[in-house]
Amino acid sequence: MIKMKKELVLYCVSIMACMVLAACSSNDDNKDEIITPQEESRYYIKYEVDSSSRTGFGTMSYDQNITFTTEKGNESITKTGKEIEWEATYGPFKKGASVSLSVSSAVKNHARIYASRDKEPFVIKAEDTKENSSIQLSYTIDF
């Protein structure tokens with residue numbers, strides 16, 4: 001019985017010694033770890049335009065000029081119709097980039113600029129609605 005107690009005590013002491021040695025390991029184990037620079041976020045911009053030529057006297061066809069910023073610079077398109085809906089997404093952009101959206105006059109214009117970082121959802125960053133007037137929106141990526 002005494003021999004059994006001695007073996008049990010010796011066994012417990014051995015286990016505790018192993019735990020103490022493992023806990024006291026050197027922090028030099030991580031000195032060879034390679035530190036990689038954090039990847040820069042990518043931003044995407046989505047533009048949305050809804051325009052209508054509806055008046056109290058009916059609807060007529062018209063040309064809608066839309067100018068916007070892409071990752072390559074400013075671009076313009078012209079859409080023709082009675083009701084115009086246009087949306088497009090461009091990128092990647094870098095933080096601090098400025099983007100803009102310009103929509104020529106129609107009876108009723110509604111325009112939005114959305115922004116998204118990496119794979120996050122798009123969030124409205126600029127919006128306006130005007131009647132019988134053009135719209136100018138701009139946004140600088142700041143998140």
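The values are calculated or read from the model by the stated rules, or taken from the named source; none is laboratory data. On a predicted model such as this, the values are computed, not experimentally measured, just so you know. Because the Cβ atoms are built from the backbone with ideal geometry, glycine has one as well, and the counts that use them run over all protein chains shown.
Here is how the numbers come out for the structure above:
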| item | result |
| --- | --- |
| Meets criteria (out of contact with any Gly (no Cβ under 8 Å at 6 or more places or on another chain), over 23 Å from residue 39 (Cβ atoms) and surrounded by 14 or more Cβ atoms within 10 Å (Cβ to Cβ)) for residue 97 | no |
| Count - residues of the stretch 127-143 that are of a type in the set (A, V, I, L, M) and closer than 12 Å to residue 93 by Cα | 1 |
| Given (1) surrounded by fewer than 13 Cβ atoms within 10 Å (Cβ to Cβ); (2) in contact (Cβ under 8 Å) with a residue 40 or more places away in the chain, index of the condition residue 53 fails | (1) |
| Complete set of residues in the stretch 122-142 that are closer than 29 Å to residue 40 by Cβ and either touching an Asp or Glu at 6+ places or on another chain (Cβ under 7 Å) or touching a residue at least 40 places away in the same chain (Cβ under 8 Å) (or both) | 122, 137, 138, 139, 140, 141, 142 |
| Filtered residues of the stretch 59-73 (kept if at pLDDT 90 or above and either surrounded by 12 or more Cβ atoms within 10 Å (Cβ to Cβ) or of a type in the set (S, T, N, Q) (or both)) | 64, 65, 66, 67, 68, 69, 70, 71 |
| Residue 76 surrounded by fewer than 17 Cβ atoms within 10 Å (Cβ to Cβ), of a type in the set (S, T, N, Q), within 20 Å of the chain's Cα centre (by Cα) and at pLDDT 95 or above | no |
| Matching residues in the stretch 101-132 - criterion: being touching a Ser or Thr at 6+ places or on another chain (Cβ under 7 Å) and under 17 Å from residue 61 (Cα atoms) | 103, 104, 105, 106, 107, 108, 109, 132 |
| Residues of the stretch 108-128 satisfying the condition of being among the β-branched types (Val, Ile, Thr) and surrounded by fewer than 18 Cβ atoms within 10 Å (Cβ to Cβ) | 123, 124 |
| Where a residue in the stretch 93-121 is over 19 Å from residue 77 (Cβ atoms) and assigned to a strand (DSSP E or B) and its partner, wherever it lies, is at pLDDT below 95 and among the aromatic types (Phe, Trp, Tyr), with Cβ under 8 Å and at least six apart | 115/143; 117/143 |
| Any hit, the stretch 42-58, residues being at pLDDT 95 or above, part of a strand (DSSP E or B) and small (Gly, Ala, Ser) | no |
